[in-house]
Amino acid sequence: FYSVATTVHRNPLFSIISPDDISYFKTLLGERGVVQDALALDAANTDWMGKYRGSSKLLLQPKNTEEVSQILKYCNSRCLAVVPQGGNTGLVGGSVPVFDEVIINVGLMRNILSFDKVSGVLVCEAGCILENLISFLDDEGFIMPLDLGAKGSCQIGGNVSTNAGGLRLLRYGSLHGSVLGLEAVLANGTVLDMLGTLRKDNTGYDLKHLFIGSEGSLGIVTKVSILTPPKLSSVNIAFLACEDYTSCQKLLLEAKKKLGGILSAFEFLDSDAMSLVLKHLDGVRNPLPPSIHNFYILIETTGSNETFDKENLEAFLLHSVESGLVANGVLAQDINQASSFWHIREGLPEALMKAGAVYKYDLSLPLEKMYDLVEEMRVQIGPAAKVVAYGHLGDGNLHLNISAPAYDDNILAKIEPFVYEWTSKNRGSISAEHGLGLMKAAKIHYSKSPETVQVMASIKKLLDPNGILNPYKVLPSSLLSQN
Ligand code: FAD
Ligand code: MLT
Ligand code: ZN
């Protein structure tokens, strides 16, 4: 495991769980809601990457908002620190305890509350798993405005709390646009009902936005109302190869111009990413054999005119090959081939896990500079580790991964602060979509001004004066302990 003990210390103001606390929670939630089993706790203490690990002795599973409210009210009065946890697929060490924080998981709150077939507004509890919402909507002829590789485990409450981006952001925008309302419980147990279903509502400050992307540091999200787009009948996918990064950028511009309204994804991976997937994921074949190209682009279009959309993408592909932007390309001929293309891109996080230790950086950068960082990082690191790049190119979001046989402080010293300084110098963001969590709480100043961070700390202190909600995460602990 990754050692954080050197940078973060347990806040001595937090209480330690007592037998009386356990009795209280059992009375409130029943035996089922109070988990102390070693195996279950081990899983809940360990993050998806197996990199961050806490030592919590208690996992609580409330069944409704009232129980969440009672739990938080009690924890606040006892000064017991808590960590809200969803599907535990977060990638920045935000979803697991750092020390002995009580884990609160709303996974039992998984009801769909309403769906309006005219407006497309879905209202559901925060513990609904993303994939279940996708299937529910599929039957209704709609889709979720977000999709990501972790859909089988992540919860909508976790998605909202991380402001997850994913594979469809290019088309449907961020959750700040599609989440119309939410219900959240504050540290003192107050329930904030902001569960509107309106597209337009300018009555004062729109507080729901504070909870979108605040990573469980301001409250626990218990219900979500989200605008979902209708499912369109024609989806086409092309897998293309480019030999240089300039061509990838030009291709993106061309795709926006020529595919405009129907473009729904523009993802990329480099040759090291492709080699990694081919090596570590079973049954994956290179769609453009025989050789490995320098860059691969996955383009998806979603529209309603089957003949026209396919012809449009074919013509685009042909033109891109003729003009020399694309070295090779193939259009998925059926749904199996389409999902095999997606599997290559979505399988990258898993392939990296199989390859050994991974240092993950999730950056927003100006498009023209983005790959310079990857190349400079390769020079910086040398042969000790592999630099693997992929991401949501259409959104200017690079996933820069350094894959090594094992975690090694010498490697880390070559990556940080270099990667953060480079990003800051180019006015990028050190977290495009994964959040700050524990990993980057102390690095926020690389992307936000001191004045902005100070206002964030004031908001945190106002909503959570005892700092019990997800401590050590998102904001530098040093700022929050000041009076
Ligand atoms: P968790 O991991 O459990 O928690 C994440 C954070 O949210 C934590 O800080 C936690 O405290 C907080 N939280 C969780 N639930 C609540 C709640 N109800 N109320 C308040 N706070 C809460 N992210 C992207 O943006 N785009 C991607 O394309 C993407 N792909 C991924 C692919 C894989 C294979 C994996 C493993 C992860 C991926 N992620 C991606 C990371 C992403 O953050 C999560 O998958 C997802 O949004 C987190 O949801 P979760 O329910 O697992 O939350
Ligand atoms: C992705 O786009 O695949 C995810 O954000 C996960 C990752 O960065 O590895
Ligand atoms: Zn991503």
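Bear in mind that the values in this text are calculations on the coordinates, not laboratory data. As the structure is a prediction and not an experimental result, all values here were calculated from the model. Note: ideal-geometry Cβ built from the backbone for every residue, glycine included; neighbour counts use all protein chains shown.
Below are the figures for this structure:
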item: Likely footprinting exposure, Asp362, Asp21, Asp408, fewest C-beta neighbours within 10 Å first; result: Asp408, Asp21, Asp362
item: Rel. contact order, % - alpha carbon contacts under 8 angstrom, at least six apart, segment 363-432; result: 44
item: For the chain, calculated [θ]222 nm from helices alone, where every DSSP H run of n ≥ 4 adds -39500 (n - 2.57); result: -10500 deg cm²/dmol
item: Vicinal HN-Hα couplings computed from phi for segment 262-267 (Karplus, 6.51 cos²θ - 1.76 cosθ + 1.60; Hz; Gly/Pro x); result: 9, 5, 10, 7, 9, 10
item: Proxy reagent accessibility, fewest Cβ within 10 Å first, across Leu218, Leu469, Leu207; result: Leu207, Leu218, Leu469
item: Residue-by-residue Karplus 3J(HN,Hα) for segment 26-32, coefficients 6.51, -1.76, 1.60, Hz, glycine and proline x; result: 5, 5, 6, 10, x, 4, 4
item: Whole-Hz ³J(HN,Hα) from phi, Karplus 6.51 cos²θ - 1.76 cosθ + 1.60, for segment 414-424, glycine and proline x; result: 7, 8, 10, x, 3, 5, 6, 5, 4, 5, 5
item: Neighbour-count ranking [beta-carbon atoms within 10 angstrom, fewest first] of Val330, Val102; result: Val330, Val102
item: Positive-end residue of Val92, Cys128, Ala164, charge dipole of the chain with Cβ unit charges; result: Val92
item: Rg(Cα) / (2.2 N^0.38 Å) computed for segment 234-348, rounded to two decimals; result: 1.00
item: Within the chain: Cβ-based charge dipole about Cα centre, in debye rounded to nearest 20 (Lys, Arg +1; Asp, Glu -1); result: 840
item: Distribution of pairwise C-alpha distances over the chain, 20 Å bins, in %; result: 23, 55, 21, 1
item: Long pairs among Lys63/Lys200; Lys208/Lys443; Lys26/Lys51; Lys231/Lys354; Lys354/Lys460; Lys223/Lys425, criterion Cα-Cα beyond 28 Å; result: Lys63/Lys200; Lys26/Lys51; Lys231/Lys354; Lys354/Lys460; Lys223/Lys425
item: Relative contact order [Cα under 8 Å, 6+ residues apart], the chain, whole percent; result: 15
item: Segment 356-446: equivalent-ellipsoid semi-axes (sqrt of 5 x gyration tensor eigenvalues, Cα, Å); result: 19, 15, 12
